Each structure stands twice: as C-alpha cells, then as structure tokens.
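Colleague: I am attaching a structure below and will ask some questions about it afterwards.
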Amino acid sequence: MSDHVDILIFGAHADDAEIGMGATIKKHTQRGVKVALCDLTYAEMSSNGTVELRQEEAAKAAEILGVTARTNLGLPDRGLFVTPEAIERITQEIRKFRPRLVFAPYWQDRHPDHIACSHLVQEAVFNAKLRKYLPESEPVGVQQLYFYFINDVYEADVMIDVADVYEAKLASLHAYQSQFMTTADTVATPLNQGYVERVEARDRLMGQKRMLTYAEGFVSNLPVVIEQF
C-alpha cells in the first residue's frame, strides 16, 4: 500500500498540530483527503504525563481527527536544532509520504522547539526536491508550505471556516488529558490553566474578521496561486 498522502503536517510535539489546525485537519479528512501527522519528538521533557501516555493520547487524537498516519521521528525534546541530521530525517519523511501540501508551526512562537521545527521543515521542503540530495530516494516537489499558529498569533494570509467541525478539534485536545487537565498529581503549567479555552477564544477571534464563528489561520511565505477570482 502506498504511503502517499495529500497533506503532511509537522509538529515539534504531539498536540501542536491539534492546537494549531485540528479543525482544518478534520474538515479535510471527512471529505476523503489523506492527512498524515509527524511529531518530531516524544515530548519527553513535558512536566506532566509520560512518553507512553503521550503516545496513547496522540493516537486517540489522531483517530478523532481521522488521519491516515501518525509518525514520530524521536528527535530530542528541547534538543531541536537545525542540523544536517535533523534536516535529513524530515526530508526522508517528506519523500516517504510525497504530500502535495506541507504544514509546519509558524516561525515566531514563545516555545523554542516550535521555532526550530518551523526552520527545520523549511529546510527539508527545499532539500526534498533536490535530485542530488539523498539520491537513493526520489525527489519530491511540495506544491505549497503553510504555517499554523500554536501559542502566538500573527496576521494570517489564509483562514479556514471550521465552525462545522470545531467540536472535533476540542475532542482531539481533550484527548491529551495529561497536558490540559489537572489531577492531584499534576504540576501546574500554562497548558492546564485554561489553555484550551484560550485556544477556542483565539479561533473565535480569528474568524471575527470574516464574521465566522470559528476559523483557523495560516501563513504562506510564497504567494498563494489561484486560477481566478
């Protein structure tokens, strides 16, 4: 069976993609679009939960969103840097899935791993098309690279109306109980102090410019090509 997908989304940690574009993922998968998620790390430095639990939660969130595949490159959490080795691993993932579109975190964010992920994916998308780079695998020319917001929001180039699928996004976030919920053993972090509610408020505000109930915004560092207006 072919690994080919239409959309490949990278995040530094499981839950990044859900925070930034969980509803957009659901909107596409329910229409038959093949979407894959690739987490760069196992988030082993997280204050709450374990690697094993985070993996279970990530699998549950992926099932809720209907993705075709979810992979993890096992790069070091809080050890993401733009190195040839990391770029190679991500490039190989792009060539494996051969996506039409790639998504990565926006290059400005308060979490250094999100910034590093953004730069790594940009490098890998460029390298993926080079015939003489890793010549043992077939080059892939990605049609468009988009960036999604996680913690910090900037001006969006494109927004998706996600009101009809927003409950699925919330369900995918709630799958990460170790991160967004509190128990007697939980360490207080920004993620379990009303974070999901703030994400929902952000997505409401994103849609406000176009009178949409909820929207998710994206940035492109190249012009978006359309056939006509």
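Colleague: Just checking, how many residues over the range 63-87 are of a type outside the set (D, E, K, R), surrounded by 18 or more Cβ atoms within 10 Å (Cβ to Cβ) and under 21 Å from His111 (Cβ atoms)?
Modeller: 5
Colleague: Residue check: is Tyr214 of a type in the set (Ser, Thr, Tyr), more than 30 Å from Glu85 (Cα to Cα) and surrounded by 18 or more Cβ atoms within 10 Å (Cβ to Cβ)?
Modeller: Working: of a type in the set (Ser, Thr, Tyr): yes; more than 30 Å from Glu85 (Cα to Cα): yes; surrounded by 18 or more Cβ atoms within 10 Å (Cβ to Cβ): yes.
In short, yes.
Colleague: May I pose another question? When you scan the range 169-188, how many residues do you find that are open to solvent by less than 80 Å² (accessible area, probe 1.4 Å) and among the polar types (S, T, N, Q)?
Modeller: The qualifying residues number 4.
Colleague: Could you grab me the full set of residues in the range 120-155 that are closer than 30 Å to Glu57 by Cα, open to solvent by less than 60 Å² (accessible area, probe 1.4 Å) and not polar (S, T, N, Q)? Give the derivation first.
Modeller: Just the residues of the range 120-155 that are closer than 30 Å to Glu57 by Cα, to begin with: 120-125, 142, 144-154.
Remaining after also requiring open to solvent by less than 60 Å² (accessible area, probe 1.4 Å): 120-122, 124-125, 142, 144-152.
Of everything in the range 120-155, those that are closer than 30 Å to Glu57 by Cα, open to solvent by less than 60 Å² (accessible area, probe 1.4 Å) and not polar (S, T, N, Q) turn out to be Leu120, Val121, Ala124, Val125, Val142, Leu145, Tyr146, Phe147, Tyr148, Phe149, Ile150, Asp152.
Colleague: Would you tally the residues in the range 83-100 being part of a loop (DSSP other than H, G, I, E, B) and out of contact with any Leu (no Cβ under 8 Å at 6 or more places or on another chain)?
Modeller: Our first condition is that a residue be part of a loop (DSSP other than H, G, I, E, B); within the range 83-100, this holds for 83, 98-100.
Checking the rest, the ones that are also out of contact with any Leu (no Cβ under 8 Å at 6 or more places or on another chain) come to 83, 98, 100.
Qualifying residue count, the range 83-100: 3.
Colleague: Is it fair to say Arg110 is basic (Lys, Arg), under 14 Å from the mean Cα position of the chain (by Cα) and not in a helix (DSSP H, G or I)?
Modeller: So Arg110 does not fit the description; no.
Colleague: Can you name the residue in the range 209-229 that is in contact with an Asp or Glu (Cβ under 9 Å, 6 or more places away or on another chain) and aromatic (Phe, Trp, Tyr) and is also farthest from Met159 (Cα to Cα) among such residues?
Modeller: The extreme case among them is Tyr214.
Colleague: Considering (1) crowded, with 20+ Cβ neighbours inside 10 Å; (2) touching an Asp or Glu at 6+ places or on another chain (Cβ under 7 Å); (3) hydroxyl-bearing (Ser, Thr, Tyr), say which one Tyr166 fails and leave the rest.
Modeller: Condition not satisfied by Tyr166: (2).
Colleague: Would you pick out the residues in the range 26-82 that are in a strand (DSSP E or B) and of a type in the set (S, T, N, Q)? Step through it out loud before you land on a result.
Modeller: Residues of the range 26-82 in a strand (DSSP E or B): 35-41, 69-75.
Across the range 26-82, the qualifying residues are Thr41, Thr71, Asn72.
Colleague: Take Ser220 and decide whether it is under 25 Å from Gly49 (Cβ atoms) and either acidic (Asp, Glu) or touching a residue at least 12 places away in the same chain (Cβ under 8 Å) (or both).
Modeller: Working: under 25 Å from Gly49 (Cβ atoms): no; either acidic (Asp, Glu) or touching a residue at least 12 places away in the same chain (Cβ under 8 Å) (or both): yes.
Taking the combined requirement at face value, the residue does not satisfy it.
Colleague: Can you name the condition, by its number, that Val158 falls short on among (1) surrounded by fewer than 15 Cβ atoms within 10 Å (Cβ to Cβ); (2) over 17 Å from the mean Cα position of the chain (by Cα); (3) of a type outside the set (Ser, Thr, Tyr); (4) modelled with pLDDT of 95 or more?
Modeller: (2)
Colleague: If you check every pair at least six apart or on different chains, which have Cβ atoms under 7 Å apart with a residue in the range 21-35 that is without any contact (Cβ under 8 Å) to a residue 60 or more places away in the chain first and a residue that is open to solvent by 50 Å² or more (accessible area, probe 1.4 Å) second?
Modeller: Sorted first by the residue in the range 21-35, then by its partner, the pairs are Lys34/Thr68; Val35/His28; Val35/Thr68.
The values are calculated or read from the model by the stated rules, or taken from the named source; none is laboratory data. What you are looking at is a predicted structure, and each value in this text was computed from that prediction instead of being measured. Because the Cβ atoms are built from the backbone with ideal geometry, glycine has one as well, and the counts that use them run over all protein chains shown. To get the accessible areas, we keep the full protein, side chains included, count just its heavy atoms, and leave off ligands, DNA and RNA. Shrake-Rupley method; radii C 1.70, N 1.55, O 1.52, S 1.80 Å.
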